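Structure first, commentary second.
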Number of protein chains: 2
Amino acid sequence: MATITQVSPLAPAGFPDLPQIAGVRFATAAAGVKYTGRTDVMLAVLDAGTSVAGVFTRSSTRAAPVLDCQQKLGGDSTGPAAILVNSGNANAFTGHYGQASVTEVTQAVAKTTGVPVSRVFTASTGVIGEPLPHDRIVSRIEDMNAGLSGDAIEGAAQAIMTTDTFPKGASAQVEIDGKTVSIAGIAKGSGMIAPDMATMLVYIFTDAGYDQAALQSAVSAMADRTFNCITVDSDTSTSDSLLVCATGAAGVDATGDAGFDAALEQVMRDLAHLVVRDGEGATKFIEIRVTGAMSNAEAKTHGLSVANSPLVKTAIAGEDANWGRVVMAIGKSGATADRDRLSISFGDILVAEKGWVSPDYREEDAAAYMKAPELVIAIDLGLGAGKATVWTCDLTHGYIEINADYRS
Amino acid sequence: MATITQVSPLAPAGFPDLPQIAGVRFATAAAGVKYTGRTDVMLAVLDAGTSVAGVFTRSSTRAAPVLDCQQKLGGDSTGPAAILVNSGNANAFTGHYGQASVTEVTQAVAKTTGVPVSRVFTASTGVIGEPLPHDRIVSRIEDMNAGLSGDAIEGAAQAIMTTDTFPKGASAQVEIDGKTVSIAGIAKGSGMIAPDMATMLVYIFTDAGYDQAALQSAVSAMADRTFNCITVDSDTSTSDSLLVCATGAAGVDATGDAGFDAALEQVMRDLAHLVVRDGEGATKFIEIRVTGAMSNAEAKTHGLSVANSPLVKTAIAGEDANWGRVVMAIGKSGATADRDRLSISFGDILVAEKGWVSPDYREEDAAAYMKAPELVIAIDLGLGAGKATVWTCDLTHGYIEINADYRS
């Protein structure tokens, strides 16, 4: 198995100071699911009345915990809730045994914490096709329950890592009716454990109150503009999960508050960007801004086509201002484009317009720009008002090393 | 610019002996479009009465020669025809200048060869966004016309290469009404020239006669099962072109003949496989057989999702029997799948069935199998009668080297 010890060059300086969120407490344990010498289970317990919204992988081969969460979402939100996540084993493609493991774990959490089993959400990330050693997890639940603390979110972010190279957190605070409410979230993603695929797990907590059905609808829309606009390698995990929990402990109802919604979306965007920054082998963080498309959906199709193109991603890895590959990726996307209305900029440098290279374009300007670790590629289709922004990273030898250079 | 000198490890032993096709003559020239010391233009002239059918890239940013060919296809087939192809410059994303270059070249070919300009088909492959130096090509047409020969197809295959590591040819012969007709084809593809994308060009000739409209319809269907079932990196060129020319010189009408159609499709499949075998950085030739899907179209969607998955392709590069990544790629494809009816085999080794690893599966068997240079991954969805086969190669450091490890 590949051991990746180097922290991504795109990582932030350190884990941020996250505000404590009233109404949620965390605990972690080293259960030895697969790893030794590190934590691999996190438990979060949420006070009664917490609204929980979720977005999950659309994979048709999704893992047992995902199916269980999807069944439970949207239920009665008056009681307390709990989230239990393990790393080291994805409990995916484990047949009927997988569901049995979820039942064992959720029942044990319910029994120990007093949370109704219908409100115990789990996720698993790690190796796939191997039975989850759920007994190891179950045996640590009492200890974790006894050690729950409101000040342990960084430890939770660490426990859910697989081969992520850094723990990921983001936060925001908003004034509503003169009171401050806080949002804090953690994520894991883009690490890899053989023989598995990268999985993204995201947990966001706020002490604001938010009607559960309205929260679900807001979070689904925000996920489409944040987590569903990032791509590392176009592959989709069987286990991707996002939960947003609004405890209401601050005594403020944020349902539909525009300022709160903007702050929540910002936290989601920040966490999404951190996942890209930890993309396997990434050395460049790339923002692709598409404007002038026939619709927002077509803009996103173009953006993801560029973001997923191996030829675009390798060109950027090589610091090559290869705008021809961007043209190619737009052409193949399936969304509407007119070669002769298309313009492309790298940063502030207009590269191509009206179906040809810009007359002012100087290759040396673009070559200098491409050396930066953060790049913007702006594409205007010249057709309509549709727009979208997507984020990705480059495709490097590091990606091949992580994903090919081992024998299982 | 990267210089790739090593021939693909998946290349055949040598260029095959192709039968001469009555009614078509070839010539090549070293016009210095971009390269020095090698041929870079090929001219093929086809006798009067040749039926011509074509299939082209669906890119919305396609190159000027593609647009010109598409306009001309399906026209009167009584006169002679000509094909002129240059390597070194793609004449793509060159604005209105691009169309003017096509006009210059096609008019010069028409004037010199006596072929009506409406039957002169061109293609260009190489650097994009730079004006085609069409004068250099035009200046060699008289010499080429004087040197046309029925026995020069291998030279033609060499002249259209960019950084292909070997020239590609395939052939078949069929008996119809006691007479032998021949099919011979050449292709280029999966080489790369900075700053451009891989382009696939294919030219197939037969001395059989074939009604032009019927040929077009047959070739379109065959292309969907051959060239449109291969993928190296999921990227689509702005210039991909396939022409099939039936000269009729053998005095045999093959229109709708099942044996002929099968032979033509075999030649197309052979050439498609050669393109994959020259895939950038390829060390493994992979056949993905999908059965039991809801429809043939859904089977192809699943197959291409597996074939294009960077995680599947890197696992194969690492000789890792990582069936979990195959499950992932099926799950994300968007086509129908039921986790618990899915079965996956690597060669003859049943790996997964009924939503979990097969009870008879031994990792060491699969690990040994993965060392072969040619691999079959068989996927049965267990849902219906839909099936498709697609072909791809692995994703290696060689791909990154070719596409990233240079500065333009």
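The values are calculated or read from the model by the stated rules, or taken from the named source; none is laboratory data. Predicted, not measured: the structure shown is a model, and the values here were computed from it. FYI the Cβ positions are ideal-geometry reconstructions off the backbone, even for glycines, and counts take in every protein chain you see.
A compact table of results
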| quantity | calculated |
| --- | --- |
| Selected residue (only one of B:Thr206, B:Thr199, B:Thr231, B:Thr247 is farther than 30 Å from B:Trp323 by Cβ, of a type outside the set (D, E, K, R) and within 14 Å of another protein chain (Cβ to nearest Cβ)) | B:Thr199 |
| Within region A:374-408, considering residues that are within 14 Å of A:Val326 (Cβ to Cβ), assigned to a strand (DSSP E or B) and in contact with a helix residue (DSSP H, G or I) (Cβ under 8 Å, 6 or more places away or on another chain), the one farthest from the other protein chains (Cβ to nearest Cβ) | A:Val390 |
| Only one of A:Arg289, A:Arg341 that is more than 10 Å from every other protein chain (Cβ to nearest Cβ), out of contact with any strand residue (DSSP E or B) (no Cβ under 7 Å at 6 or more places or on another chain) and not aromatic (Phe, Trp, Tyr) | A:Arg341 |
| Considering residues of region A:1-58 that are among the charged types (D, E, K, R) and at pLDDT 90 or above only, the residue nearest to A:Ser118 (Cα to Cα) | A:Asp47 |
| Among (1) part of a loop (DSSP other than H, G, I, E, B); (2) in contact with a Pro (Cβ under 7 Å, 6 or more places away or on another chain); (3) more than 29 Å from B:Gly279 (Cα to Cα); (4) among the hydrophobic types (A, V, I, L, M, F, W, C), the one test that B:Leu10 misses | (3) |
| A:Lys354 vs. criteria farther than 25 Å from B:Arg62 by Cα, touching a Leu at 6+ places or on another chain (Cβ under 9 Å), within 12 Å of chain B (Cβ to nearest Cβ) and of a type outside the set (Val, Ile, Thr) | no |
| Residue count, region A:59-84 (criterion: buried (at least 23 other Cβ atoms within 10 Å of the Cβ), within 11 Å of another protein chain (Cβ to nearest Cβ) and farther than 17 Å from B:Gly324 by Cα) | 0 |
| Flag for B:Ser87 being modelled with pLDDT of 90 or more, buried (at least 24 other Cβ atoms within 10 Å of the Cβ), under 26 Å from A:Trp323 (Cβ atoms) and away from chain A (no Cβ under 14 Å) | yes |
| Meets criteria (more than 10 Å from chain B (Cβ to nearest Cβ), surrounded by fewer than 20 Cβ atoms within 10 Å (Cβ to Cβ) and touching a residue at least 12 places away in the same chain (Cβ under 8 Å)) for A:Gly334 | no |
| Some residue of region A:362-373 being within 12 Å of chain B (Cβ to nearest Cβ), of a type in the set (A, V, I, L, M), buried (at least 19 other Cβ atoms within 10 Å of the Cβ) and part of a helix (DSSP H, G or I) | yes |
| Residue within region B:21-44 that is within 14 Å of another protein chain (Cβ to nearest Cβ), over 27 Å from B:Gly398 (Cβ atoms) and buried (at least 17 other Cβ atoms within 10 Å of the Cβ) present | no |
| Hits in region A:96-140 - residues which are more than 21 Å from A:Lys72 (Cβ to Cβ) and of a type outside the set (Asp, Glu) | A:Gly126, A:Val127, A:Ile128, A:Gly129, A:Pro131, A:Pro133, A:Arg136, A:Ser139, A:Arg140 |
| Output for region B:275-299, where each listed residue is of a type in the set (Gly, Ala, Ser) and part of a loop (DSSP other than H, G, I, E, B) | B:Gly279, B:Gly281, B:Ala282, B:Ser295 |
| Region A:259-277 residues that are at negative phi and among the acidic types (Asp, Glu), paired with ones that are surrounded by fewer than 19 Cβ atoms within 10 Å (Cβ to Cβ) and in a helix (DSSP H, G or I) (beta carbon under 9 Å, 6 or more apart) | A:Glu265/A:Ala221; A:Glu265/A:Arg225 |
| Where a residue in region B:119-141 is within 14 Å of chain A (Cβ to nearest Cβ) and its partner, wherever it lies, is in a loop (DSSP other than H, G, I, E, B) and aromatic (Phe, Trp, Tyr), with Cβ under 7 Å and at least six apart | B:Ile128/B:Phe93; B:Gly129/B:Phe93 |
| Condition broken by A:Thr255, with the remaining ones in (1) assigned to a helix (DSSP H, G or I); (2) surrounded by fewer than 24 Cβ atoms within 10 Å (Cβ to Cβ); (3) over 18 Å from the mean Cα position of the chain (by Cα) satisfied | (1) |
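Here's the yes/no breakdown for (1) in a strand (DSSP E or B); (2) more than 8 Å from chain B (Cβ to nearest Cβ); (3) over 12 Å from B:Ser59 (Cβ atoms):
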| position | (1), (2), (3) |
| --- | --- |
| A:Leu304 | no, yes, yes |
| A:Leu311 | no, no, yes |
| A:Ala315 | no, no, yes |
| A:Ala321 | no, no, yes |
| A:Ile330 | no, no, no |
